[in-house]
Amino acid sequence: MKIETITITDKLGRIISLRNALPKDADALIEYLKTTTAETPFLIREPEEVTITHEQEIAFIENCLNSDKSLMLIASVDGKHIGNCSLNPIGNYKRYAHRCDVSIALYQEYCGVGIGKQMLKTVLKIAQEVGYEQAELEVISDNKNAISLYEKLGFIKYGTFPSNMKYSDGTYASADWMMKKL
């Protein structure tokens, strides 16, 4: 889906632009995936698993732009991409039409200054406007900062997947399933 650009201010007084991802952002989004997966253990991929091509990323972006139920929202400061937040249907079945999945990640240097919270509020408002009744997400159980943010926004933990991810070093991480009624 397409939205109008939104301007917000973070806790440091920086002006942040929230807008649709566009095909011209494909390379920056691929680089973002590679960097953020290396910055934190809380994302689902290892950095070397980011193998998406430029063409595949463009197709994904165009699919979001042409959808009435999917959104990829990009945050930028001074024209630099700093993170994104996505909204997608859980599935294409009528029985799932009321449910959406949200996900968010920022470069670590932009975490903790209110950008993620404002991005999520924006995406949740849009989700409600397009007819979703509940938003869902998975979060690594050790990601206390993210869990705190999700709880502040009204998400409730409904279960835990033990050993949800296995890291390269052989250790495991559990994930919590959280949901918010819209």
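The values are calculated or read from the model by the stated rules, or taken from the named source; none is laboratory data. Please read all numbers here as calculations on a predicted model, not as lab measurements. Areas reflect the complete protein model, heavy atoms only, side chains present, ligands, DNA and RNA absent. Shrake-Rupley method; radii C 1.70, N 1.55, O 1.52, S 1.80 Å.
Select from 68, 169, 101 the residue whose mean-square fluctuation is largest in a Gaussian network model of the chain (Cα-Cα springs shorter than 10 Å).
169
Keeping all protein chains in position, work out how much accessible area residue 181 exposes to a 1.4 Å probe, and write it in Å² to the nearest 10.
That residue has around 130 Å² of solvent-accessible surface.
Rounded to the nearest 10 Å², what accessible area does residue 34 have for a 1.4 Å probe in the complete protein model?
Surface accessible to solvent at residue 34 totals approximately 90 Å².
May I ask for the percentage of alpha-carbon pairs in the chain that lie more than 25 Å from each other?
34
By how many nm would the segment from residue 181 to residue 96 grow when fully extended, if each residue of separation counts as 0.36 nm and the alpha-carbon distance is taken off?
Between residue 181 and residue 96, full extension yields an extra 29.2 nm.
For the chain, what is the accessible area per residue in Å², given a 1.4 Å probe and the full set of protein chains?
So the chain comes to 55 Å² accessible per residue, rounded to a whole number.
Taking the Cα centroid of the stretch 158-172 and of the stretch 72-100, what is the distance between the two, rounded to the nearest whole Å?
Taking the Cα centre of each part, the stretch 158-172 and the stretch 72-100 sit 24 Å apart.
Using 0.36 nm times the number of residues separating residue 130 and residue 51, minus their current alpha carbon distance, what extension gain do you get?
That works out to 25.3 nm of additional length.
Over 20 Å between C-alpha atoms is what I'm after, so list which of 121/180; 2/125; 80/180; 69/125; 69/166 land there.
Result: 80/180; 69/166 exceed 20 Å.
Gaussian network model of the chain, Cα springs within a sub-10 Å range: biggest mean-square fluctuation belongs to which of 51, 35, 171?
171
Among the aspartates and glutamates, which have Cα under 19 Å from the Cα of residue 157 when same-chain residues fewer than 8 positions away are ignored?
101, 133, 136, 138, 142, 176
Test of understanding: what is the full-extension gain from residue 62 to residue 166, defined as 0.36 nm times their sequence separation minus their Cα-Cα distance?
34.2 nm
For 163, 148, give me the order by solvent-accessible area with a 1.4 Å probe, most accessible first, ignoring ligands, DNA and RNA.
Order by accessible area, largest first: 163, 148.
How would 42, 161 rank on accessible area, largest to smallest, probe 1.4 Å?
161, 42
Evaluate 2.2 N^0.38 Å with N set to the residue count of the stretch 72-162, then give the Cα radius of gyration divided by it.
So the stretch 72-162 has a normalised radius of gyration of 1.12.
Mind ranking 167, 172, 93, 107 by accessible surface for me, highest first, 1.4 Å probe?
Largest accessible area first, the list is 93, 172, 167, 107.
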